[in-house]
Structure formats: structure tokens, C-alpha cells
Amino acid sequence: MLKSIALPALALTLISQASASTCPVTLVNGIGERDAIVLTLRNGGKLPIRRLEFNCTPAAARSGKRSSLCREDNALFDPGAELTLRYAYPSGVRQPVTVSLRSATLSDGFVWKPTKRQPCRTLRVVPGRK
């Protein structure tokens, strides 16, 4: 009787942990160049990532202000690999930018989004001297 209860409980625990995995993308580094921000990322998940979306918000923006969307539609980003991406400054203005992961679409079609329980690292990218 105890085994018949323990096995389904174990299965439920494993299934809930599988869907609540940690952030698949690590924002390793961000550099502010003259005309763009350059991000270095690492795929820390077990599946390739095929699409990435980031919130690219000017650091001085008010909290209610809408952020720009930095998107990589055809990422094909293998597990353990690093990827370098380049995006123009929001509104074309050279300024400090806060970058956070908005979503990652995995190769199996699952769309992973950060939550309060499963957050991802945020980067503040400051442009270098002119």
C-alpha cells in the first residue's frame, strides 16, 4: 500500500521539477560599443535553443516605460555553447541599457519564461567612452 502511494508522489514531484527548470540562458557579459550593445550568452540547458527574446530597456527609463524588444528568431544555440549577439541601442540613442531574458523557445517547442521563482540574471550594459 505504501509503495502504491509513494510511486505516484515521486512521479508528480519529478514532473513538477522538470517543468520548473532553472533559467536556460546565462547572460555572461554585455559591452556597450559606439553604435550597439554586444551580449555574450551561454546555453545552460539540456536542449538547443532556437529563439530568444530580451527586454532591452534604457537604464534611466521610468518603471512604467515600455522596453524595446531585442529578438533573435533563428538562434540555433546548442547546450553548453556561448553565443554573441549584437543589437542597436533602444531608440538609437547611445545610453546605459538593462537587458533581461523575456523568453527562450527550446528545440522541442517549449517556450521558457522567467518567473519570480525561476528568475534569470539581468545585465546592465554601459557604453564605453567615445
#### Entry: Estimated inter-spin distance, Thr22 and Thr40, nm [label 7 Å along Cα→Cβ]
2.0
### Query
Going by how many other beta carbons lie within 10 Å of each one, how would you line up Glu72, Glu82, fewest first?
Glu82, Glu72
### Task
Compute the signed sum of charges (Lys and Arg +1, Asp and Glu -1) over the other residues within less than 12 Å, Cβ to Cβ, of Gly44.
+1
### Task
Could you list the square roots of 5 times each eigenvalue of the Cα gyration tensor of the stretch 22-125, that is, the equivalent ellipsoid semi-axes, sorted largest first and rounded to whole Å?
23, 15, 11
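A short reminder: the numbers here are calculations on the coordinates, not readings from a lab. Only a predicted model underlies this, so the values are computations on that prediction, with no experimental measurement involved. In this analysis, Cβ positions are derived from the backbone assuming ideal geometry, glycine residues included, and neighbour counts consider all displayed protein chains.
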